[in-house]
Amino acid sequence: MIRNYITGIKLKSLPEPKSYLASLPAIKYLASVERLPFSQPVTFLAGENGAGKSTLLEAIALCCGFNPEGGSRDFAFSTQDSHSELYRFLAVIKSRPPADGFFLRAESFYNTASFLDQNSQETRTTLNRYGGVSFHAQSHGEAFLSLVTNRFDGKGLYLLDEPEAALSPQGIMSLICAIDSLVKQDSQFLIATHSPILMAYPKAQILEINESGIGPVDFRETQHYQITKLFLDDPDRMMRYLLD
């Protein structure tokens, strides 16, 4: 039986009509339904750039008590106050509290790593929990995988925003293995991604955000899969189409 830590989201109030948030297809969809359910331990938010998937994930993270730039609930730092106001209008439907949690945000991971270093200067206790090596001393991809494999303890709620940004295809496959291991340890993942490899995770719920709103979609029906397959089936033809 699936017992997710958060079972869905809903709007508790509406943004001002003149707000850019009110014009987002995802917000218009949420305004038209009672709630958006999360039915599986792994939920992917897919969609084109600008669709609002990272904005939505950020709002969920803030509603769950995470720092908007990433980290666990005890990461209190801010380098630039740039997060949206969506969290003020969003309600997260919770079923039980997780024992662990982390918000991994690709675009601000450097800031998260710096905060961790600054708070580990006098004692290595904190850093040891993250693998014992500064993330700044590792490649971007190595740091991402080190975080997941060393810091994520299981029985947790983990929000990942475009984790594939730093990973090779092999690295993405390693991440899939780590995710599966943590799911088997009673964990839940919400992941905003463009990666068709990552979205192939079995039995995941894929919610695609587009101009029509938000809807469940099969892995092979996502635009990411179809475009990638079209390219790999005949890259020369695709290059001619793009460049001629």
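Computed values, structure above
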| quantity | calculated |
| --- | --- |
| Cβ crowding within 10 Å averaged over residues, with 15-23, 235-243 ranked highest first | 15-23, 235-243 |
| Label-point separation in nm, D244 to S181, each point 7 Å along Cα→Cβ | 4.8 |
| Fraction of accessible area attributable to carbon and sulfur, segment 24-77 (%, probe 1.4 Å) | 49 |
| Accessible area per residue, Å², the chain with all protein chains present, probe 1.4 Å | 52 |
| Size-normalised alpha-carbon gyration radius of the chain, reference 2.2 N^0.38 Å | 1.03 |
| Efficiency of FRET from Cβ geometry, I93 and S32, R₀ 25 Å, rounded to 0.05 | 0.90 |
| Cα gyration tensor shape for segment 136-244, rounded if a/c is under 1.5, else prolate or oblate | oblate |
| Candidates per GluC sites (Glu not before Pro) in segment 158-244, loop by DSSP, up to 16 other Cβ within 10 Å | E211 |
| Portion, in percent, of the accessible area of segment 142-189 that falls on carbon or sulfur, probe 1.4 Å | 51 |
| Contour excess over end-to-end distance, with Cα ends at A137 and Y20 and 0.36 nm allotted per residue | 38.2 nm |
| Most to least packed among 129-135, 100-106 [average Cβ atoms within 10 Å] | 100-106, 129-135 |
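The values are calculated or read from the model by the stated rules, or taken from the named source; none is laboratory data. Everything numeric here is computed off the predicted structure, so don't read it as measured data. Methodologically, a virtual Cβ is constructed for each residue, glycine included, from the backbone with ideal geometry; neighbour enumeration extends over all protein chains shown. Side chains are part of the model used for accessible areas, which takes the heavy atoms of the whole protein and leaves out ligands, DNA and RNA. Shrake-Rupley method; radii C 1.70, N 1.55, O 1.52, S 1.80 Å.
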